[in-house]
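The structure under discussion appears below in the form of structure tokens.
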Amino acid sequence: MKIFIQLVAFALIFIGCSNKQYFEPEQVDDSYYTQANDMPSSIKSLNKDGATLEDYKTIDKGGISKYFLPSGYSFLNKINSTMIASNKSGNVLINDKENIFNFKNNVIAASIKNDLLALIFSDNSIGLYDMTTKKFKFREYKKNSLTNDERIANPIFEDEIVLFPTLNGNIIIVNTKSFKAVKTITIDPNNRINNVIFLKVKDDTMIAATSNKILTLGDGSFSVKDYSIKDIILKDNHIYIATLDGNIIKLNLLFEKIATKKFKFAKIHSLGFGTKLYALESQGYLIELNDDFSDVKIYDFDFDEDTKVISINDALYFDNLYIKLKYKVKLMTLCDIGNTTFAF
């Protein structure tokens, strides 16, 4: 009887696996040909603003750093030329090894303006720390969040306020003159994993998202929409979202839908913007879309879905390689040697 039960269980597992659906494009245009560039090592950790490599070099908007972080540190943020990193002992590093501040708790997100550090701690407390006096100007404790998406957003300084994205689905607005919290904006109070994974300000409009909801606030308007977000990026005045069910959506800042495209059974891993919009699909495809999604090209792309990936500016970093996201054309010669694919 025991053997029979085991056979039935095995059969059910096999049937479940055989019924698993995968993205299978009707047409694959080509293998995505470009000169893949080597990185010094693989990606160790990342957030929405950058990454740390295994050799402790970093990636940010400026590309791969020439310097190395001290062992055990991870990149948090880079504001202009000021880099912020932290380790699990509560240390925060500003630019170099001689400029380290120690806190009791692990700092998981940060930003800087003049002598003020905006800090988010792993226990979901937040604070404004004066690096000159080495004292907190503001400190507030929020309900602890035990489970978080690794894509933790950094605080943002705006004029005389700082926006703190919390681990429990809120944005806390703190005045940098009075050092008081002046407003709390709730994005996603009910989901189990609801830390803020995306926070940007564009033309006086704040865009924030958890993995379940997206919010815009600006010019007297306030909107919240439900999306199961796999990735989200902001380019010019448009928001691009990849959902868990294979949709890619383009919105304006008023949440009006500009374009949408469904890729059946696709698992979009990451979005990136080069000369066009690109979506990395976990089964080994790179999807290229034009401005209104009317023209779609799909390329083979050798990629392990368990690999850490980050897209910054026009580059896609994965494993120990990176590529520039560029529109591809095919050029035909008079001798019909034009099957060669060129990227520019």
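Of all trypsin sites (Lys or Arg not before Pro) in region 226-290, which ones are in loop regions per DSSP and have a Cβ with at most 13 other Cβ atoms within 10 Å?
Answer in residue order: 264.
In nm, what is the difference between 0.36 nm times the number of residues separating residue 28 and residue 319 and their Cα-Cα distance?
This chain segment gains 102.4 nm when fully extended.
Find how much the distance from residue 254 to residue 68 grows on full extension, using 0.36 nm per residue of separation minus their present alpha carbon separation; answer in nm with one decimal.
Extra length from residue 254 to residue 68 when fully extended: 62.8 nm.
How high is the relative contact order of the chain, given as a whole-number percent (alpha carbon pairs under 8 Å, six or more residues apart)?
Rounded, it is 13 percent for the chain.
Hey, what do the phi angles of region 112-127 turn into as Karplus ³J(HN,Hα) couplings, whole Hz, using 6.51/-1.76/1.60 and θ = phi - 60°, x for Gly and Pro?
Values per residue, Gly and Pro as x: 9, 8, 6, 9, 9, 9, 9, 10, 10, 9, 5, 8, 6, 8, 10, x Hz.
If you keep only loop residues by DSSP, which chymotrypsin sites (Phe, Trp or Tyr not before Pro) in region 175-225 have at most 16 other Cβ atoms within 10 Å of their Cβ?
Loop-located and lightly packed - 179.
At 7 Å along the Cα-to-beta-carbon direction for both residue 291 and residue 219, put a label point, then send me their distance in nm to one decimal.
The answer from the label model is 2.0 nm.
Choose one of 321, 286, 155: the residue whose Cα lies farthest towards the positive end of the charge dipole of the chain (beta-carbon charges +1 Lys, Arg; -1 Asp, Glu; about the Cα centre).
Projecting each Cα onto the dipole axis, the largest value belongs to 155.
Cross-link candidates for residue 225: which aspartates and glutamates have Cα within less than 12 Å, leaving aside residues fewer than 8 places away along the same chain?
188, 256
Counting Lys and Arg as +1 and Asp and Glu as -1, each charge on the Cβ, what is the dipole of region 21-118 about the Cα centre in debye, to the nearest 20?
The dipole of region 21-118 has a size of about 720 debye.
Quick one: dipole size for region 105-193, taken about the Cα centre, charges +1 on Lys/Arg Cβ and -1 on Asp/Glu Cβ, in debye to the nearest 20.
So the magnitude is around 280 debye.
Starting from the Kirkwood Rh over alpha-carbon pairs, what translational D in µm² s⁻¹ does region 67-157 have by Stokes-Einstein at 37 °C and 0.692 mPa s?
Approximately 246 µm²/s, per Stokes-Einstein.
May I ask you to evaluate 6.51 cos²θ - 1.76 cosθ + 1.60, the Karplus curve with θ = phi - 60°, for each residue of region 84-96 and list the ³J(HN,Hα) values in order in whole Hz, giving x for glycine and proline?
10, 9, 9, 10, 7, 9, x, 8, 10, 9, 10, 6, 9
Just flag the trypsin sites (Lys or Arg not before Pro) in region 123-193 sitting in loop per DSSP whose Cβ has no more than 14 other Cβ atoms within 10 Å.
Qualifying residues, ordered by number: 134, 143, 177, 192.
Mind checking the dipole of the chain: about its Cα centre, +1 per Lys or Arg Cβ, -1 per Asp or Glu Cβ, Debye to the nearest 20?
Taking the Cα centre of the chain as origin, the dipole is about 1200 debye.
Quick one: go through region 36-68 and flag any residue whose amide nitrogen is under 18 Å from the point 7 Å out along the Cα-to-Cβ line of residue 304.
Residues 37-46, 52-55 qualify, since their backbone N sits under 18 Å from the label point.
Once you place label points 7 Å from the Cα toward the Cβ at residue 80 and residue 105, how far apart are they in nm?
Spacing of the two 7 Å Cα→Cβ label points: 2.9 nm.
Residue by residue through region 303-314, what is 3J(HN,Hα) from phi via Karplus (6.51 cos²θ - 1.76 cosθ + 1.60, θ = phi - 60°)? Round to whole Hz and write x for glycine and proline.
Working through the residues one at a time gives 7, 8, 5, 8, 6, 6, 9, 9, 10, 9, 6, 9 Hz.
Note down the nm distance, to one decimal, between modelled labels 7 Å out along Cα→Cβ at residue 234 and at residue 97.
3.7
Hey, which aspartates and glutamates would be in cross-link range of residue 135, C-alpha to C-alpha under 16 Å, not counting anything within fewer than 8 residues on its own chain?
Residue 135 reaches 115.
Every number in this text was worked out from the coordinates using simple rules, so none of it is lab data. Being a predicted model, the structure only gives us computed values, none of them experimental. So basically every Cβ, Gly included, is an ideal-geometry build from the backbone, and we count neighbours across all protein chains shown.
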